[in-house]
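I have placed the structure first, in the form of structure tokens, so that the comments after it can refer back to it.
The values are calculated or read from the model by the stated rules, or taken from the named source; none is laboratory data. Just so it is clear, the structure is predicted and the values come from calculations on it, not from any experiment. Neighbour counts are summed over all protein chains in view; Cβ atoms, including those assigned to glycine, are modelled from backbone coordinates with ideal geometry.
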Amino acid sequence: MSDQSNTKPVSDRVYEKKKRNCLKCREKFVSEWPGERICKTCKSSTAWREGIAA
Ligand SMILES: [Zn+2]
């Protein structure tokens, strides 16, 4: 018997961490996923949360 129930598609590709320049502060940072273009410092600090109007 061939049991293939354990064969699940490997969907998580390994994204190679790349160094990019932050769009905000132009500092180099390590992008951990393809869409990340702003360094964590900017993300946490600046008006990155524009949705939340203080
Ligand atoms: Zn930044």
Subject >> Answer residue from region 39-54, given it is in a loop (DSSP other than H, G, I, E, B) and modelled with pLDDT of 60 or more and is nearest to the chain's Cα centre (by Cα) among those >> reply: CYS39
Subject >> Pick from region 25-38, criterion in a loop (DSSP other than H, G, I, E, B) and either in contact (Cβ under 8 Å) with a residue 60 or more places away in the chain or closer than 17 Å to TYR15 by Cβ (or both), ranking: farthest from the ligand (Cβ to nearest atom) >> reply: PRO34
Original post:
When both residues are 6+ apart or on different chains and their Cβ atoms are under 8 Å apart, which pairs have a first residue that lies in region 12-24 and is closer than 14 Å to GLY35 by Cβ, and a second that is among the aromatic types (Phe, Trp, Tyr) and not in a loop (DSSP other than H, G, I, E, B)?
Top reply: ARG20/PHE29; CYS22/PHE29
